[in-house]
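The values are calculated or read from the model by the stated rules, or taken from the named source; none is laboratory data. The structure displayed is predicted, hence computed values, not measured ones. All Cβ positions, even for glycine, are placed from backbone atoms using ideal geometry, and neighbour counts span all protein chains on display. Just so you know, the surface numbers come from the protein's heavy atoms only, side chains and all, with ligands and any DNA or RNA stripped out. Shrake-Rupley method; radii C 1.70, N 1.55, O 1.52, S 1.80 Å.
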Amino acid sequence: RPIIDIDHISKQYDSGTVALNDVSLQIEEGEILALLGPNGAGKTTLISIICGLVVPSGGTVRVGGHDIRRDWRAARKMIGLVPQEIALEPFETVIDSVRFTRGLYGEGPDEAYIEQLLRSLALWDKRQARTRELSGGMKRRVLIAKALSHRPKVLFLDEPTAGVDVTLRREMWQVVRELRAQGVTIILTTHYLEEAEDMADRIGVINRGELLLVQSKDALMGEFGKKR
Ligand code: ADP
Ligand code: ADP
C-alpha cells in the first residue's frame with residue numbers, strides 16, 4: 001500500500017479562498033514526487049495538510065496507514081518537513097540544533113545516528129559552528145538534518161531552492177538524490193519545471209487548487225517530446 005494516501009482533500013480558508021479542491025494522490029515508498037505549480041496554486045497548503053499543520057475542510061490523509069487527524073502522533077513521527085523559511089537559532093550550534101529537534105519528537109539521544117546524518121549532509125566538520133556563521137547552503141542542509149533527526153520515512157521539502165542561486169540549487173538537487181539513495185521518500189514543491197524534471201520520479205501538476213495531472217517524469221517528457 002502507498003506510504004501516503006491523500007483522499008479527496010479540499011481546503012477553504014476562513015477568508016473564503018479555496019486553496020484545494022478534491023485532491024487525491026497516492027505516493028509510494030521510496031519515490032520522489034514533485035508538486036509543480038505557480039505561486040498560490042495550493043502546494044504549501046497541501047503539504048501542510050499532509051503534515052497535520054493545517055486542518056482540511058474535507059477528505060482524509062493517511063501516512064503509513066495512520067490517519068493524520070485521528071492518529072497524529074504516529075503519523076507525524078513518519079514525517080520530516082523542511083519549511084520554506086530558514087528559521088534557526090542563530091547562537092545554537094549545528095549539532096545541538098539537530099539534537100533539539102530530535103528531542104521534540106520524543107526520541108532519546110542517538111549520537112551515532114546524528115553523526116551519520118551530519119556526515120551524509122557534509123555538516124560534520126561544522127557541527128560546533130553556530131548556525132549564524134553558516135552559508136545559505138549549509139543553513140538549508142541544517143534544516144534538512146533537523147527534519148531527518150527522528151529518522152522519518154518521508155521528507156517534505158517546501159520550495160527547497162526558492163530564491164537560491166544556480167550553484168546552490170544544484171547542491172540541493174545532489175542532496176536530494178543522496179537521500180533517495182538512502183531510501184527516503186521525498187515530496188517537494190517547486191515552481192521550476194527544470195527542477196521537477198531533474199529530481200522527481202513523478203510530477204504532479206497543481207494549479208488553482210486542482211491536481212491537474214500526475215505522471216511519471218518519463219511519460220510526461222515523452223508527451224512533450226512527441227509534440228515537438
Ligand atoms: P508561497 O510562497 O507558498 O506562495 P505565500 O507567500 O503565498 O507562500 O504565503 C506565505 C505564508 O502566508 C504562508 O504560511 C501562507 O499560509 C500564508 N498566507 C498566504 N496567503 C495568505 C492569505 N491570503 N491570508 C493569510 N495567510 C496567507
Ligand atoms: P503555493 O504554495 O502553491 O504558493 P499556497 O498553498 O501557499 O500556494 O496558497 C494557496 C492559496 O491559498 C493562495 O490563494 C493563498 O493566498 C491562500 N492561502 C494560503 N494560506 C492561507 C491562509 N493561511 N489563509 C488564507 N488564505 C491562504
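Grab the chain and count how many Lys pairs have their alpha-carbon atoms under 16 Å apart, sequence gap of 8 or more, or different chains. Value for the chain: 7. Think of the chain as having a plus end and a minus end, set by charges on the Cβ of Lys, Arg, Asp and Glu; of 191, 53, 112, 112 sits farthest toward the positive end of this dipole. Nonpolar atom fraction for segment 14-84, defined as the carbon and sulfur part of the 1.4 Å probe accessible area, stands at 47 percent.
For segment 155-228, which whole-number percentage of the solvent-accessible area (1.4 Å probe, protein heavy atoms only) is attributable to carbon and sulfur atoms?
Reported share for carbon and sulfur atoms: 50 percent.
Helix 94-104 and the longest principal axis of the Cα set of the chain meet at an angle near 60°.
Residues in segment 106-209 average 44 Å² of solvent-accessible surface per residue, probe 1.4 Å, ligands and nucleic acids excluded.
Surface exposure of segment 1-103, expressed per residue as accessible area with a 1.4 Å probe, stands at 48 Å².
Summing Lys and Arg as +1 and Asp and Glu as -1 over all other residues whose Cβ lies under 9 Å from the Cβ of residue 130 gives a net charge of -2. Every helix of 4 or more DSSP H residues in the chain counts as -39500 (n - 2.57), and over all residues that averages to -10500 deg cm²/dmol at 222 nm. When 113, 13 are compared by accessible area at a 1.4 angstrom probe, the order from most to least is 13, 113. Remark: the Cα gyration tensor places segment 37-141 in the oblate category, a/c being 1.5 or greater and a/b not exceeding b/c. Taking every DSSP bridge with both residues inside the chain, close to 55 percent are antiparallel.
If you add up the charges near residue 25, with Lys and Arg at +1 and Asp and Glu at -1, over every other residue whose beta carbon is less than 15 angstrom from its beta carbon, what do you get? Around residue 25, the surrounding residues sum to -3. Using only side-chain charges placed at the Cβ, +1 for Lys and Arg and -1 for Asp and Glu, the dipole size of the chain relative to its Cα centre rounds to 140 debye.
The amide H of residue 32, built 1.01 Å from its N in the peptide plane, has 186, 201, 202 as neighbours under 5 Å, considering only residues 5 or more places off or on other chains.
In the complete set of protein chains, residue-level accessible area for residue 111 is approximately 80 Å², probe 1.4 angstrom. A DSSP coil position with no more than 16 other Cβ atoms inside 10 Å describes the following trypsin sites (Lys or Arg not before Pro) in segment 1-81: 69, 70.
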